[in-house]
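Structure record follows, encoded as structure tokens.
Please treat every number below as a calculation from the coordinates, not as lab data. This is a predicted model, so every value here is computed, not measured. Note: ideal-geometry Cβ built from the backbone for every residue, glycine included; neighbour counts use all protein chains shown.
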Amino acid sequence: MSKPTDKKKLTIAAQETEDFTVANTDVLTKYKAAADITNRVIAQIAAACVDGASILELCLNGDKAIEEGTKAVYTKGKINKGVGFPTAISVNNTICHFSPLAADAEGLVLKNGDMVKVELGAQIDGYGAIAATTVVVGASKENPVKGKQADVLMAAHQAAEAAVRLIRAGNANTPVTDNVQRIATAYGCKPVEGMLSHQQEKNVIDGKKQIILNPTEGQRSDFEKCTFAENEVYCVDIMISSGEGKIKNNASRTTIYKKTTTNYSLKMQTSRVVLSEITKKFGQFPFNLRQMDDERKARMGLLECIKHNVVTAYDVMEEEKGEFVAQFLFTVCVMPSGPLRITNTPIDLETIQTEKKIADEEILALLATEIKPKKKSANKKKKADAAAAEEKKE
């Protein structure tokens, strides 16, 4: 009979040999299950972005729907699941991460003509599926989006479509950066400077391999080039601005945070209690202060955590007033057969009316390619095999 210590060694050995990539069917299934929830919720929240809608209510409803969706799956056993990224509603020149607390939300409502970015995500067993889309409040076929709003919206959509086609095993990250830049230029826009997309792994949404948008000369020379490999997963964040693409901190309070892998012996008891709650509830996934037991104590405890990089802040960023930023973010698996985009970026192209278009033949050819090769039917495969056999005989 094995001793308890032997069982422990066997468990550790099993964990070390377990495949946490999408080559493992169980892992891919969890990614897809999280993506199904994300896709359903982002469609609901995007549709709810109407004149007079409360930004706080949209955020609360998004997070609630994700929690309910994840609770309904993988009900056997203790599996960590829930919000993979808190719902954020960023309007017009606000770039990202706007998800207000109740105390700051009075009077914050959407109005017709607002360009609204909806970002959210679910996670199951540490496998995150995040998405973002952009809508214009009140837009319709009869009342289409025009002018620079239409230009930036179409630029971001086409850039995302190009990016997903480039994320294939063996391809480098640099062509993604360059092609997004070329598409933005065609629409008279610019990618948001220095915006990063990351490789994802279990419990990690900001992995080592990265893609950068619109880098400065310094960023371009220092940025690490990488090659996409089979069975990797990426969260690709395409942000395009109608302006210069320069970002700065918004005056709004930061509400979204994430635990890092940095270890530090915190001095204050409040900080230790807050970190313990974060670790237990969210692991290394982003969370909103609203999700903490006590917002005031959480904010106090986070000060020391942030100072020593135990927790990182997702600050609210913005472009110049009068400009518009569009965002399309998707999660993609690098499969042997090609990219598998698992989260959607809903858009109704019939509501967008831009006078600009892409003339670059290389870009047009890229956009015309199939994202994933179509599978041959069983009958066609049999015929092909039979023909090959006949040729061999001859």
Task: Entries in Lys248/Lys372; Lys64/Lys372; Lys208/Lys356; Lys64/Lys307; Lys117/Lys356 that, when Cα-Cα distance is taken, lie over 27 Å - done: Lys248/Lys372; Lys64/Lys372; Lys208/Lys356; Lys64/Lys307
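Quote the relative contact order of the chain in percent (integer), defining contacts as alpha-carbon pairs under 8 Å separated by 6+ residues. If you can, show how the numbers build up before the last one.
Working: 819 pairs, mean separation 81.9, N = 394.
It comes to 21 percent, rounded to a whole number.
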Open item on the list: Taking the Kirkwood radius as the inverse of the mean 1/r across Cα pairs, report the Rg/Rh of the range 187-245.
Closed with: 1.02
TODO: Subtracting the Cα-Cα distance from 0.36 nm times the residue separation, let me have the gained length for Asp294 to Lys76 in nm, one decimal.
DONE: 75.5 nm
TODO: Can you put Tyr127, Tyr31, Tyr314 in order of Cβ neighbours within 10 angstrom, beginning with the fewest?
DONE: Tyr314, Tyr31, Tyr127
Task: Shape parameters for the range 256-314, alpha-carbon atoms, Rg then Dmax in Å - done: 9.8, 26
Open item on the list: Which of Thr177, Thr75, Thr255 ends up with the largest GNM mean-square fluctuation for the chain, with Cα atoms connected below 10 Å?
Closed with: Thr75
- [ ] Could you pull out the trypsin sites (Lys or Arg not before Pro) across the range 43-85 that fall in loop regions by DSSP (anything but H, G, I, E, B) with no more than 15 other Cβ atoms inside 10 Å?
- [x] Lys76, Lys78
Task: Student exercise, the range 248-371 dipole from Lys, Arg, Asp, Glu Cβ charges, in Debye to nearest 20 - done: 1180 debye
Open item on the list: Which aspartates and glutamates, if any, have their Cα less than 12 Å from the Cα of Lys30, not counting same-chain residues under 8 positions apart?
Closed with: Asp125
- [ ] Scan the range 287-340 for GluC sites (Glu not before Pro) in coil per DSSP, keeping those whose Cβ has at most 16 other Cβ atoms within 10 Å, and list them by number.
- [x] Glu320
Task: Calculated diffusion of the chain, Stokes-Einstein form, Kirkwood radius summed over Cα pairs, 37 °C and 0.692 mPa s, µm²/s - done: 146 µm²/s
Task: Highest to lowest packing among 207-216, 260-269, scored as the average C-beta count within 10 Å - done: 207-216, 260-269
Open item on the list: Along the Cα→Cβ direction, 7 angstrom out, place labels at Ser276 and Thr174. What is the inter-label distance in nm?
Closed with: 5.1 nm
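If the chain between Glu244 and Lys307 were fully stretched, how many nm would it gain, using 0.36 nm times the residue separation less the Cα-Cα distance? Don't skip to the end; give the middle numbers.
Details: separation 63, 0.36 × 63 = 22.68 nm, distance 3.13 nm.
Length gained, Glu244 through Lys307: 19.6 nm.
Run through the range 136-201 and list the trypsin sites (Lys or Arg not before Pro) located in a DSSP loop whose Cβ has at most 12 other Cβ atoms within 10 Å. Spell out each step's value before the answer.
Working: sites: Lys141, Lys146, Lys148, Arg165, Arg168, Arg182; in loops: Lys141, Lys146, Arg168.
Hits after loop and neighbour filter: Lys141.
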